[in-house]
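Here the structure is laid out as structure tokens; the discussion comes afterwards.
FYI, it's all coordinate maths here, none of it is from the lab. Predicted model only: the values in this text are computed from it and were never measured. With ideal geometry, Cβ positions are generated from the backbone for all residues, glycine too; neighbour counts draw on all protein chains shown.
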Amino acid sequence: MRFGRKSAEPPRMASSTQVAAATDPLADDGSIPLIDVQGQGFDLLRSIDLGHSLWRPNGATDLDQLSSRQIVVVAAYSAEDIESSRPLMQRFMTIVLAMGLGPQYGSRALTLGAVGYVDAGTDEGAIRGVFSDAVARVRIRRLREAAA
């Protein structure tokens, strides 16, 4: 029996898709942007212990650096706010916080691409539960996308 050295495999170069995936910004569920023109939705969610920190972007440029897999919350004060948030819903995993609209606009928001709809008129426990369910759906969707 003779022992010898094996020739080393040449180092593999990362493909361009692997490099691009490594440079994409990562989604951060611990720090979720909340787009809220009036600020009442931000105050409401801040007073409820959601288990996530929320921050209000100053402008669209703050969202440019975010991953498309990022959760974003939009406070909607009218049906038009939901309609105008459609581009955002198509770009990010968006949860709509309905401020005074009631539950009837939930199906419209989901049809436009939102991953969740939370009616601010419900009690804090229900808001917390619906928000947690939406975050869980986002995480499941990310796992499915990664597996595909």
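Applying the criterion of being free of Cβ contacts under 8 Å to residues at least 40 places away in the same chain and surrounded by 13 or more Cβ atoms within 10 Å (Cβ to Cβ) to the residues of region 47-73, the residue that is nearest to ALA120 (Cα to Cα) is LEU54. For region 92-141, the set of residues classified as over 18 Å from the mean Cα position of the chain (by Cα) and surrounded by 14 or more Cβ atoms within 10 Å (Cβ to Cβ) consists of MET99, LEU101, TYR105, ARG108, ALA120, THR122, listed by residue number. Of the residues making up region 68-112, those that are in a loop (DSSP other than H, G, I, E, B) and either of a type outside the set (Gly, Ala, Ser) or in contact with a strand residue (DSSP E or B) (Cβ under 7 Å, 6 or more places away or on another chain) (or both) are ARG69, GLN70, TYR77, SER85, PHE92, MET99, LEU101, GLY102.
Total residues in region 113-137 satisfying the condition of being of a type in the set (Ser, Thr, Tyr) and more than 10 Å from ILE95 (Cβ to Cβ): the figure is 2.
Right, VAL135: in a strand (DSSP E or B) and either of a type in the set (S, T, N, Q) or touching a residue at least 40 places away in the same chain (Cβ under 8 Å) (or both) or not? Spelling it out, it is not the case that VAL135 is in a strand (DSSP E or B) and either of a type in the set (S, T, N, Q) or touching a residue at least 40 places away in the same chain (Cβ under 8 Å) (or both).
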